[in-house]
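I have placed the structure first, in the form of structure tokens, so that the comments after it can refer back to it.
The values are calculated or read from the model by the stated rules, or taken from the named source; none is laboratory data. Computed from a prediction, not measured in an experiment: that's the story for all the values here. Counting neighbours? That spans all protein chains shown, and the Cβs are built from the backbone with ideal geometry, glycine included. Heads up: the accessible areas ignore ligands, DNA and RNA and are worked out on the full protein's heavy atoms, side chains in. Shrake-Rupley method; radii C 1.70, N 1.55, O 1.52, S 1.80 Å.
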Amino acid sequence: MELSTRVPTIKTRFLILSDTHGHDLHDYSAYRADVAIHCGDLTTESKRREFVSAINLSKTLDTPLKLVIAGNHDFILDIPMFQKKVTEVITPLDPALVQKEYGDYGEIRKLFEDARESGIILLEEGTYDFKLQNDARLKIYASPYTPSLGDWGFQYHPETGHMFDIETDTDVVVTHGPPRGILDMTYSGGRAGCPRLFEAIARARPKMHCFGHIHEGWGAKLVGWREKVSKNPSHLTDIDNGRSVMVRKLSQIKQDIPAIESSHCAGDENSLEVGIHTLFVNAALEGSEELPIHPVWQIDLELPRQI
């Protein structure tokens, strides 16, 4: 991959969180950033009040741009799936009760539309370009889809896979779930990440890929890539472990810490070389009984200056 070092860059701070599940959280208003990213699962039961709470949390963040994607728990945003779930209930649900708890079809999207004046943008699957207030340009790919055999929202059959159309000049990828082999280990010892997602990331090599979904996989890893991508990329064949660094993992967090900073700009100890590295961040906040809430991430990266 041909690299360019001549494009002027701007240090940009990201505040990254995921899997808030409607919980009462720390006050994060003190952590200023250029961009906030929520990687999905704003709710537990996809109820209207949970979305209102999540939007209100986003409004308190001291960031001019707040980007949000849905997760599998946010199934009301996947209207065909929500309609299917309602119609398949054996004892028919009272429509008035459904409306009270979940709102009308499309109502939650309207809540997000109204929140755009606060800088909150709900991203559908696709590629977006943003001009940031710090004069940087951000090209981002977003997708809420995860593999599953269940009946949650935004899911696909693991054997069928999903097409993640990530362009090679993408700066940041935001998905709800992890790629196979990176910060995706479950408590049972299995890997829950998506192989097709890993393939797409390995080919595009964005600066950062952030996600959640697998709560116990919380952490960050700076991954170095091998020079050539395999025909069928895999975490077993395409990662250069000699150029990779585990920035932080869950076992290293022994107490309640609201946020963790990590900078990967030129001159930093773990600096990121474009096309050579990708920073992977699992930002799932919901924890366990031992540590109920994981820290949010404050990540510094260099982005190209607006032309």
Scanning the stretch 134-155 residue by residue, those open to solvent by less than 20 Å² (accessible area, probe 1.4 Å) and not β-branched (Val, Ile, Thr) turn out to be Ala136, Leu138, Lys139, Tyr141, Ala142, Ser143, Pro144, Gly153, Phe154
Considering only the stretch 280-307, state which residues are farther than 14 Å from Phe14 by Cα, not aliphatic (A, V, I, L, M) and not in a loop (DSSP other than H, G, I, E, B). Glu286, Pro304, Arg305
Meets criteria (free of Cβ contacts under 8 Å to residues at least 12 places away in the same chain, of a type outside the set (Gly, Ala, Ser) and closer than 27 Å to Val35 by Cβ) for Glu117: yes
Give me the pairs: first residue in the stretch 148-172 and without any contact (Cβ under 8 Å) to a residue 24 or more places away in the chain, second residue open to solvent by 20 Å² or more (accessible area, probe 1.4 Å) and among the aromatic types (Phe, Trp, Tyr), beta-carbon distance under 8 Å, and six or more apart or on different chains, which are they? Tyr156/Tyr145
Matching residues in the stretch 220-241 (within 30 Å of His21 (Cα to Cα) and either open to solvent by 10 Å² or more (accessible area, probe 1.4 Å) or among the polar types (S, T, N, Q) (or both)) number 2
The condition from (1) of a type outside the set (Ser, Thr, Tyr); (2) open to solvent by 40 Å² or more (accessible area, probe 1.4 Å); (3) at positive phi that Ile79 misses is numbered (3)
The one condition in (1) in contact with an Asp or Glu (Cβ under 6 Å, 6 or more places away or on another chain); (2) among the charged types (D, E, K, R); (3) on the phi < 0 side of the Ramachandran plot that Asp62 fails to fulfil: (1)
Can you tell me which residue within the stretch 254-307, out of those that are modelled with pLDDT of 95 or more and of a type in the set (S, T, N, Q), is nearest to Gly177 (Cα to Cα)? Asn282
Look through the stretch 256-267, keep the residues that are in a loop (DSSP other than H, G, I, E, B) and in contact (Cβ under 8 Å) with a residue 12 or more places away in the chain, and return whichever of them is most open to solvent (accessible area, probe 1.4 Å). Asp256
Of the residues Leu67, Leu111, Leu93, Leu97, only one is open to solvent by less than 30 Å² (accessible area, probe 1.4 Å) and among the aliphatic types (A, V, I, L, M); which? Leu67
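Looking at the stretch 118-133, is at least one residue among the charged types (D, E, K, R) and crowded, with 19+ Cβ neighbours inside 10 Å? Write out each step before concluding.
If we filter the stretch 118-133 for residues that are among the charged types (D, E, K, R), which is where we start, we get 124-125, 129, 131.
Restricting the remaining residues to those that are crowded, with 19+ Cβ neighbours inside 10 Å gives none.
No, the stretch 118-133 has no match at all.
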Name the residue that is nearest to the chain's Cα centre (by Cα), counting only residues in the stretch 66-83 that are under 30 Å from Tyr31 (Cα atoms) and not aliphatic (A, V, I, L, M). Gly71
Could you grab me the full set of residues in the stretch 29-87 that are more than 17 Å from Leu111 (Cα to Cα), modelled with pLDDT under 95 and in contact with a Leu (Cβ under 8 Å, 6 or more places away or on another chain)? Ser29, Val86
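From Ala202, Ala192, which residue is free of Cβ contacts under 8 Å to residues at least 40 places away in the same chain and buried (at least 21 other Cβ atoms within 10 Å of the Cβ)? Full working, then the answer.
Working: Ala192 fails: buried (at least 21 other Cβ atoms within 10 Å of the Cβ).
None of the other options fit; the residue is Ala202.
Answer yes or no as to whether Gly217 is modelled with pLDDT under 95, more than 25 Å from Leu138 (Cα to Cα) and surrounded by 18 or more Cβ atoms within 10 Å (Cβ to Cβ).
no
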Extreme residue, farthest from Cys265 (Cα to Cα), among residues of the stretch 277-294 that are among the aliphatic types (A, V, I, L, M) and in contact with a strand residue (DSSP E or B) (Cβ under 9 Å, 6 or more places away or on another chain): Ile293
